[in-house]
Amino acid sequence: MNRNGDGRAVLRSSVREFLCSEAMHSLGIPTSRASSLIVSDDEVWRDQFYNGNITKERGAVVLRVAKSWFRIGSLEILAQYGEWDLLRTLLDFIIQEHFPSVKVTVPNRYVDFFSVVVSETAQLIALWMSVGFAHGVCNTDNFSLLSITIDYGPFGFMEAYNPDFVPNTSDDERRCKIGNQANIGMFNLNKLLQALNPLLDPRQKQLFRELFKAKLGLLGERKDDDDLIAVLLHLMEKTEADFTMTFRQLSEITQSQLEELSIPQQFWALKMISKHKFFPAWVSQYLLRLKR
């Protein structure tokens, strides 16, 4: 992958990509494989070290193979444009071809599919972390639905232990640092859930609703519960707050600390989400709901 948007790769990065995917395969980590590397006579200009020193390099193309190239983004874009029939058709095809444990004929197939993807994505990220691999560009278009490693762009292996290690020099916010890969995985899976949501029947949607209500300690039924959950997830997305620790710390912080918006430093996930301007309004609604 290059940072200049011309769609070309150079021989240097292509050889590196070829070697890494084969190393990952040998380490037992699910991955696409490099079938061949073709060197081009075209000249490509690159700033290799991003220091303003642009040099001429030789272009190359890596031919990659995998069982499937369907990604979370493949479903997300169809949902974004409201292509529900096409989304349903594609999902059923993916399930039938690649998810033998999920029966394509049962009503709960999309819930079962989502459950498998969550489990296998978590396993893949754990395998990455076990060898110190940082992907570098962890967006929904680079997360395989089959939980295999794809898109060998600005990846890297951590040498000295550093949870802030980032192999992508263009990631100024360090969003894809190695210590944040699990959180980004959760973010991407939430995007997948949003894409699947319109295809779920009322009983299936209720199942997801009950799970989140339990995480927030909400008893009974209130018409605004969906909004309360949706707004919290939106705030977590915008502030990139830790998914698991946000819910855990909400269960541990006192009511008075929340009312006064006096969040101790040890509640670091809540402290991050509290930076959003709509957090005080959400807290007011949340505490009112708990009292009810």
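Could you check how many residues of the stretch 100-135 are in contact with a Pro (Cβ under 9 Å, 6 or more places away or on another chain) and at pLDDT below 90?
Number satisfying all stated conditions: 0.
Determine whether the stretch 154-165 contains at least one residue that is open to solvent by less than 60 Å² (accessible area, probe 1.4 Å) and either modelled with pLDDT of 95 or more or among the β-branched types (Val, Ile, Thr) (or both).
no
Report yes if some residue within the stretch 82-96 is under 30 Å from Phe157 (Cβ atoms) and either more than 14 Å from the chain's Cα centre (by Cα) or free of Cβ contacts under 8 Å to residues at least 40 places away in the same chain (or both); otherwise report no.
no
(1) open to solvent by 40 Å² or more (accessible area, probe 1.4 Å); (2) in contact with a Gly (Cβ under 8 Å, 6 or more places away or on another chain); (3) touching a residue at least 24 places away in the same chain (Cβ under 8 Å): which one isn't true of Asp151, the others all being true?
Answer for Asp151: the failing condition is (2).
Given the conditions (1) in contact with an Asp or Glu (Cβ under 8 Å, 6 or more places away or on another chain); (2) in contact (Cβ under 8 Å) with a residue 24 or more places away in the chain; (3) over 23 Å from Leu199 (Cα atoms); (4) open to solvent by 10 Å² or more (accessible area, probe 1.4 Å), which single one is not true for Gly179?
Status for Gly179: all satisfied but (2).
Pull out all pairs, ordered by first then second residue, where Cβ-Cβ is under 7 Å, the residues are six or more apart or on different chains, the first lies in the stretch 198-220 and is more than 15 Å from Asp112 (Cα to Cα) and free of Cβ contacts under 8 Å to residues at least 40 places away in the same chain, and the second is open to solvent by less than 40 Å² (accessible area, probe 1.4 Å) and β-branched (Val, Ile, Thr).
Every condition considered, the pairs that remain are Phe212/Ile229.
Select, from Leu189, Leu146, the only residue that is part of a loop (DSSP other than H, G, I, E, B), touching a Ser or Thr at 6+ places or on another chain (Cβ under 7 Å) and modelled with pLDDT of 90 or more.
Leu146
What number of residues in the stretch 184-199 are open to solvent by less than 50 Å² (accessible area, probe 1.4 Å) and either on the phi > 0 side of the Ramachandran plot or touching a Phe, Trp or Tyr at 6+ places or on another chain (Cβ under 6 Å) (or both)?
Residues flagged as open to solvent by less than 50 Å² (accessible area, probe 1.4 Å) and either on the phi > 0 side of the Ramachandran plot or touching a Phe, Trp or Tyr at 6+ places or on another chain (Cβ under 6 Å) (or both) within the stretch 184-199 amount to 3.
The values are calculated or read from the model by the stated rules, or taken from the named source; none is laboratory data. Note that the structure is predicted; figures quoted are calculated from it, not measured. Cβ sites come from the backbone with ideal geometry, for glycine too, and all protein chains shown count toward neighbours. Ligands, DNA and RNA are excluded from the accessible area calculation, which covers all protein heavy atoms including side chains. Shrake-Rupley method; radii C 1.70, N 1.55, O 1.52, S 1.80 Å.
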